[in-house]
Amino acid sequence: MDIVFFYPIIPNSINGNEFSLFKHQTKALQQWYEQDQSGLLRLATGAGKTITSLYGVAKIFDVSDRPRKLLFIVSVPYVALAEQWVGELNTFNMQPVKCFYSKASWETLLSNKINGLISGNIEFVSVVVVNKTL
């Protein structure tokens, strides 16, 4: 089975609008970084937590020393929310393995990608999982 490589990028535009972070998003990432890259993003509903997170992942990947190895896992409670995350990840070229339908539809792909990451053949894997699968 061929593995297709998708590495994070910061898009030039989202929904036809030039992309850039708002000041509160930049500040949130700066504070997270200053806290040794740990903690939670606490922003109001609609303030851009998802975009802030994905921008942060893309930047971390971009500035990481080579060889890079980054596994990014998004865990959400329900399939509908998982599909929303898949769409947002795709905007940042992070084509995730969707671990929330039949195990037969994702198990081999996930295994191959993780093995590729461990072996150094690929540098980035993203996964979206729901609570039931996790």
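The values are calculated or read from the model by the stated rules, or taken from the named source; none is laboratory data. As the structure is a computational prediction, the values presented were derived from the model and not from experiment. Ideal geometry is used to build each Cβ from the backbone, glycine not excepted, and the neighbour counts take in all protein chains shown. In case anyone asks, the SASA skips ligands and DNA or RNA and just uses the protein heavy atoms, side chains included. Shrake-Rupley method; radii C 1.70, N 1.55, O 1.52, S 1.80 Å.
Some notes on this structure:
- Among Val63, Val97, Val79, the largest mean-square fluctuation in a Gaussian network model of the chain (Cα springs under 10 Å) belongs to Val63.
- Each of Pro8, Ser64, Leu54 was placed along the dipole of the chain (beta-carbon charges, centred on the mean Cα), and the one lying farthest toward the positive end is Leu54.
- Rolling a 1.4 angstrom probe over the protein heavy atoms with all chains in place gives region 70-134 an accessible area of 52 Å² per residue.
- Surface per residue (accessible, 1.4 Å probe) for region 1-61, Å²: 75 Å²
- Full-extension gain in nm, Ala47 to Lys23, via 0.36 nm per residue minus C-alpha separation: 7.6 nm
- Distance in nm between pseudo-label sites at Glu83 and Glu34 (7 Å out along the Cβ direction from Cα): 4.1 nm
- Among (i) 13.6, 37; (ii) 17.0, 53; (iii) 15.2, 43, the entry that matches Rg and Dmax of the Cα atoms in Å as calculated here: (iii)
- Computed helical MRE - 222 nm, the chain, DSSP H runs ≥ 4 contributing -39500 (n - 2.57), nearest 500: -12500 deg cm²/dmol
- Using a Gaussian network model of the chain in which every pair of alpha carbons under 10 angstrom is joined by a spring, one finds that among Pro96, Pro67, Pro77 the greatest mean-square fluctuation is at Pro67.
- About the centre of its Cα atoms, the chain shows a dipole size close to 220 debye [charges on the beta carbon of Lys, Arg (+1) and Asp, Glu (-1) only; nearest 20 debye].
- Of all accessible heavy-atom area on region 11-66, the percent that carbon and sulfur account for (1.4 Å): 46 percent
- Rolling a 1.4 Å probe over the protein chains gives Ser119 an accessible area of about 70 Å².
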